[in-house]
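The values are calculated or read from the model by the stated rules, or taken from the named source; none is laboratory data. Just so it is clear, the structure is predicted and the values come from calculations on it, not from any experiment. All Cβ positions, glycine included, derive from the backbone under ideal geometry; neighbour counts span all protein chains shown.
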Amino acid sequence: MHNTAGRNAAAVEQMATLSMDNGVDLRTVELDVQSQESVDAAVASPPIDPCSQMEEFMSLASCPSQIT
């Protein structure tokens with residue numbers, strides 16, 4: 001997804017909520033498919049934990065990536 005901190009921030013939040021509500025490990029990645037540099041960076045970057053994106057809205061116990 002391109003512009004995850006800007007115009008697509010709401011979609012990123014929706015994906016984090018979907019992940020949390022359904023107990024799935026769904027993560028967003030900053031990616032502009034028209035830029036090879038962006039694609040290379042997205043592939044090389046570690047995945048972002050959706051719980052870190054919504055820390056203020058939930059407890060760790062409700063986060064799929066924190067459940068053991």
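Can you confirm whether residue 15 is surrounded by 14 or more Cβ atoms within 10 Å (Cβ to Cβ), free of Cβ contacts under 8 Å to residues at least 40 places away in the same chain, of a type outside the set (Gly, Ala, Ser) and not in a loop (DSSP other than H, G, I, E, B)? Taking the combined requirement at face value, the residue satisfies it. Where residues in the range 18-56 are assigned to a loop (DSSP other than H, G, I, E, B), among the β-branched types (Val, Ile, Thr) and modelled with pLDDT under 90, which of them is farthest from residue 5 (Cα to Cα)? Among residues in the range 18-56 that are assigned to a loop (DSSP other than H, G, I, E, B), among the β-branched types (Val, Ile, Thr) and modelled with pLDDT under 90, the one farthest from residue 5 (Cα to Cα) is 24.
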